[in-house]
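Written below as structure tokens is the structure these notes are about.
The values are calculated or read from the model by the stated rules, or taken from the named source; none is laboratory data. No experiment lies behind these values; they were computed from the predicted model shown. As a convention, Cβ positions derive from the backbone with ideal geometry for all residues, glycine included, and neighbour counts pool all protein chains shown. Accessible surface is based on the protein model in full, side chains and every heavy atom, while ligands, DNA and RNA are left aside. Shrake-Rupley method; radii C 1.70, N 1.55, O 1.52, S 1.80 Å.
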Amino acid sequence: MSLLKKHKKEIGRLFDRGYDIFGSPENVNEWLTSPIVALDNTMPLSHLDTDEGVESVRTVLTRLEWGVYS
């Protein structure tokens, strides 16, 4: 699998996880475009261009899922 395909697949998984947590595509999109304290007050969407950024966003989602302040 090419690196680009793998990256796109990881972003897709991230959106699916966001949907599971937030309950609707609209809520996921709102979260992705809102400044998040755990990401130094940047939007999660701005981190999705690198593998490291995707992992950072995934970490924040995991924390939210477990009720840890993020």
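Restricting the search to region 30-42, which residues are free of Cβ contacts under 8 Å to residues at least 24 places away in the same chain and over 18 Å from GLU10 (Cβ atoms)?
GLU30, THR33, SER34, PRO35, ASP40, ASN41, THR42
Take region 11-37 and flag every residue that is crowded, with 17+ Cβ neighbours inside 10 Å and aliphatic (A, V, I, L, M).
LEU14, VAL28, LEU32, ILE36
Out of the residues in region 13-70 meeting the condition of being under 26 Å from LEU3 (Cβ atoms) and of a type in the set (Phe, Trp, Tyr), tell me which one is nearest to the chain's Cα centre (by Cα).
Among those that are under 26 Å from LEU3 (Cβ atoms) and of a type in the set (Phe, Trp, Tyr), it is PHE15.
Please go through region 43-60 and give me each residue that is under 15 Å from PHE15 (Cβ atoms), of a type outside the set (D, E, K, R), assigned to a helix (DSSP H, G or I) and open to solvent by less than 80 Å² (accessible area, probe 1.4 Å), ordered by number.
PRO44, HIS47, GLY53, VAL54, VAL57, VAL60
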